[in-house]
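Quick notes on the structure that follows.
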Amino acid sequence: MDNVRGRAWRFGDHIDTDQIIPAERLTSDNMDKLGLFVFGKVNPDFAKNVEAGDIVVAGRNFGCGSSREQAPRALKQAGVSCVIAESFARIFFRNSINVGLLPIECRIEARDGDLLVICPDEGTITNENTGKTFAFKQYPPFIKDLIESGGLMARVRENRRCSR
Amino acid sequence: MTKCKGKTISEKILSAKSSTDAYAGDVVEADIDYVMVNDITGPIAFREFEALSCDALRERIVLIPDHFVPNKDVPSAEQAREMRTFARKHRIENYYEVGRGGVCHQVMIEEGFVAPGRLIVGADSHTCTYGALCAFSTGIGSTEAAACFAEGRLWFKVPETMSVSLIGRFKGYVSGKDLILRIIGEIGVDGGNYKTLEFSGGGVESMTISDRLTVSNMVVEAGAKAGIFLADKVTEEFVKGIVKGTYSKVSPDKEAHYSSELEYDLSSLEFMVALPNSPGNVKPAKEVDVLIDQAFLGSCTNGRIEDLRTAASILRGKRIHSSVRMIVVPASMKVYRQALNEGLLGVFIESGAYVSGPTCAACLGGHMGVLGDGERCVSSTNRNFVGRMGHKNSEVYLAGPAVVAASALKGRIAVPDESI
Ligand code: SF4
């Protein structure tokens, strides 16, 4: 997997999917412009200032609450490359993989705006501003496969081709 | 190598459905009995599925519009239409039109999709509700639902299980809501992350299915993957007559391994409230003194006939406080009809409440009771996140139906004894 380099945006613990994308935006006419509304209620500056490649850095239980897949889609459409969190809510974690937003479970030190470099293959995150490097655990083989094959639908397509 | 230790209910169901000998930590690909989507999670699933150009496993798909219906605006009308079109195109019979369904989870239960031993997924986080009937059910994403439409199977990491042993019986109007709020308050909003909460013990028998559904519904608020009650006679009675098809009963082995054990005496529980902005911010209701603008009774958590009966018995012959509006939303058409026949709707209306037909309504800030800047609502729903019910400065206090009704009368958070 390619390395990822981007600026950090700090968030706290238990960031729920209602905050990431509020329910009133969940109509299909918004499906391709979810990025405009990400964190719209709680942090309107985020959508205005986020740049392609930026990285969300959060505490525990990121993405808790609703199963709305629009949450990782909104982050991705806004340009976020990856979410680093101490832990994830399980549905958000699964959804992220399927929409191509990399979820990384790790506790790191970073401030808003710090430049981070993630090496997925080595399992490291380096904060270029502080020079500190943090290690994260490799994904279990099944999940690693899933990420590398491009998410669940890519796998389903592959299965169906093989079984024909 | 044969592993000889016993299994939890989750390990048994996921082993049976994947034809493997699975234990906590294993990843399995398992056959699902049903996959459900609603009007806000369906459209992404439909697009992902159509891109595959294959046949849908139509008998296993359940489509329930509930979040933004009856259509609250033009975009939601278009969205609901997408679901209708998908149902027609793929000849999916399990589609529940407005006026014939209600909140998705309540409909799944009433229509007999749920039974012990089944594996059910839904693109809605509260799909864990069905564990009340000893099924393994959990929330998934829309793309995963699309994969299930095509393949009828999905990957699962077999969860570890926390054992929750219940003894005693609820006192008075104290209910399943108070139990689950107490649990979330204690273990925290990620205290059950990736795990199943398995409920057993003599206390289970004393609980109605309605109370069990409320508890299973909210385990996701502790991060749990599933909340499963052991099946008993009450479960069998409930399932009999409504279940679609056959099912196989399942119970945990004596030597099953649990990651931790909790115990609650139902008779010692009191009314609980979760304060903004977290379902884990829980306090005894009698310690909360807050003025309210709205009281909401409804949702997949507490919109069942038992909840309406409780609230009606507290409201009967009384008037709702002049500064409060109360909104009552039965969870399904069946509940609505039953409430009508039992005269409960009349009680609500006479006391000054607004009664609507079934929908998710204000539960997720959709419509019918959305809050303005600074407004406070005591609600029988399951989430009180920032802005969940409307304006980002509005506040939601989660409670059981008795506290919702008592508070509506007093104009502030109150326990029912004060109002009788
Ligand atoms: S009633 Fe509320 S919690 Fe239940 S499905 Fe509807 S929006 Fe979700």
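Over the protein assembly as shown, the reciprocal of the mean inverse Cα-Cα separation, the Kirkwood hydrodynamic radius, stands at 23.9 Å. Sorted into 20 angstrom bins from 0, the C-alpha pair distances of chain B split as 28, 59, 13, 0 percent. Alpha carbon centre of the stretch A:27-90 versus the stretch B:144-174: separation in Å? Distance between centres, Cα-based: 27 Å. Of all the options A:69, A:105, A:128, the one that moves most in a Gaussian network model of chain A with Cα springs shorter than 10 angstrom is A:128. Assuming charge only on the beta carbon of Lys and Arg (+1) and of Asp and Glu (-1), the dipole of the protein assembly as shown about its Cα centre is about 840 debye to the nearest 20.
If you take the Cα centroid of the stretch B:326-397 and the Cα centroid of the stretch A:98-155, the two points sit 42 Å apart. When the Gaussian network model of chain B links Cα atoms closer than 10 Å, the mean-square fluctuations of B:348, B:271, B:86 top out at B:86.
Amide H contacts of residue B:160 (H built 1.01 Å from N, in plane; Pro and chain starts excluded): B:25, B:196 sit under 5 Å, all sequence-distant by 5 or more or on other chains.
Scanning residues 5 or more positions from residue B:273 or on other chains, those with amide H under 5 Å from its amide H are B:283, B:285, with H placed 1.01 Å from N in the peptide plane.
Picking from B:31, B:232, B:373, which is most flexible by a Gaussian network model of chain B using Cα springs under 10 Å? Most flexible of the set in this elastic network: B:373. When you have a sec, figure out the Kirkwood radius of the stretch B:94-177 from all distinct Cα pair distances and drop it here in Å to one decimal? Taking every pair of different Cα atoms in the stretch B:94-177, averaging 1/r and inverting gives 15.0 Å.
Note down the net charge around residue A:112, summing +1 for each Lys or Arg and -1 for each Asp or Glu among other residues with Cβ under 10 Å from its Cβ. Overall, the nearby charge balance is +2. Along the stretch B:241-257 the Karplus relation, 6.51 cos²θ - 1.76 cosθ + 1.60 evaluated at θ = phi - 60°, assigns HN-Hα couplings of x, 10, 5, 8, x, 9, 8, 10, 5, 9, 9, x, 6, 4, 8, 4, 9 Hz to successive residues, with x for each Gly and Pro.
This model, with +1 at the C-beta of Lys and Arg and -1 at the C-beta of Asp and Glu, gives chain B a dipole about its Cα centre of some 660 debye. Remark: spin-label model distance residue B:27-residue B:319 equals 6.3 nm, labels positioned 7 Å along the Cα→Cβ axis. What net charge do the residues around residue A:77 carry, taking every other residue with its C-beta under 11 Å from that of residue A:77, with Lys and Arg at +1 and Asp and Glu at -1? Cβ neighbours under 11 Å give a net charge of +2. Straight-line reach from residue B:410: taking Cα to Cα under 17 Å and skipping same-chain neighbours fewer than 8 places apart, the aspartates and glutamates in range are B:287, B:289, B:293, B:350, B:375, B:418.
Taking a spot 7 Å from the Cα of residue B:259 along the direction of its beta carbon, which residues of the stretch B:16-32 have an amide N less than 11 Å from it? Answer for the stretch B:16-32: B:24-25. What whole number of Å gives the distance from the Cα centroid of the stretch B:237-288 to the Cα centroid of the stretch B:34-104? Computed from Cα coordinates, the inter-centre distance equals 30 Å. Rounded to the nearest whole angstrom, the semi-axes of the ellipsoid equivalent to the stretch B:170-246, taken from the Cα gyration tensor as √(5λ), stand at 23, 16, 10, largest first.
Here is the P(r) of chain A: all C-alpha pair distances, binned every 5 Å from 0, give 2, 9, 18, 22, 20, 14, 9, 4, 1, 1, 0 in whole percents.
A helix-only calculation puts chain A at -8000 deg cm²/dmol for mean residue ellipticity at 222 nm, using -39500 (n - 2.57) for each DSSP H run of at least four residues, averaged over all residues. Please compute, for peptide B:135-142, the average count of beta-carbon atoms on other protein chains lying within 10 Å of each residue's beta-carbon. Mean partner shielding for this stretch: 5. If you wrap the stretch B:317-420 in the convex hull of its Cα atoms and look at it from every side, the mean projected area works out to 6.2 nm². Derived scalar couplings between HN and Hα for the stretch A:44-59 equal x, 5, 4, 4, 5, 10, 5, 10, 4, x, 4, 10, 8, 10, 9, x Hz in order, rounded to whole Hz, by the Karplus curve 6.51 cos²θ - 1.76 cosθ + 1.60 (θ = phi - 60°), x for Gly and Pro.
Residue B:31: net charge of surrounding residues, Cβ under 15 Å, Lys/Arg +1, Asp/Glu -1, itself excluded? Here the charged neighbours net out to 0.
Once the Cβ-Cβ distance of residue B:270 and residue A:135 is raised to the sixth power relative to R0 = 45 Å, the FRET efficiency obtained is 0.45. If I take R0 = 30 Å and measure r between the Cβ atoms of residue B:283 and residue B:349 in this structure, what FRET efficiency does the formula 1/(1 + (r/R0)^6) give, to the nearest 0.05? Efficiency, from the Cβ-Cβ distance: 0.40. P(r) for the stretch B:131-194, please, calculated from all Cα pair distances in 10 Å bins and given in %. Per 10 Å bin, starting at zero, the Cα-Cα P(r) for the stretch B:131-194 comes out as 14, 37, 29, 16, 4 percent.
Bridgeable lysines around residue B:5 (alpha carbons under 23 Å apart, same-chain partners fewer than 8 residues away excluded): B:17, B:157, B:195, B:225, B:249, B:254. Pairs of C-alpha atoms in the stretch B:18-140 farther apart than 23 Å represent 32 percent of all such pairs.
Readers should treat all values here as calculations from the given coordinates under stated rules, not as data from a laboratory. None of these values were measured; they are calculated from a predicted model. Heads up, the Cβs are rebuilt from the backbone with ideal geometry, glycines too, and the neighbour counts pull from every protein chain shown.
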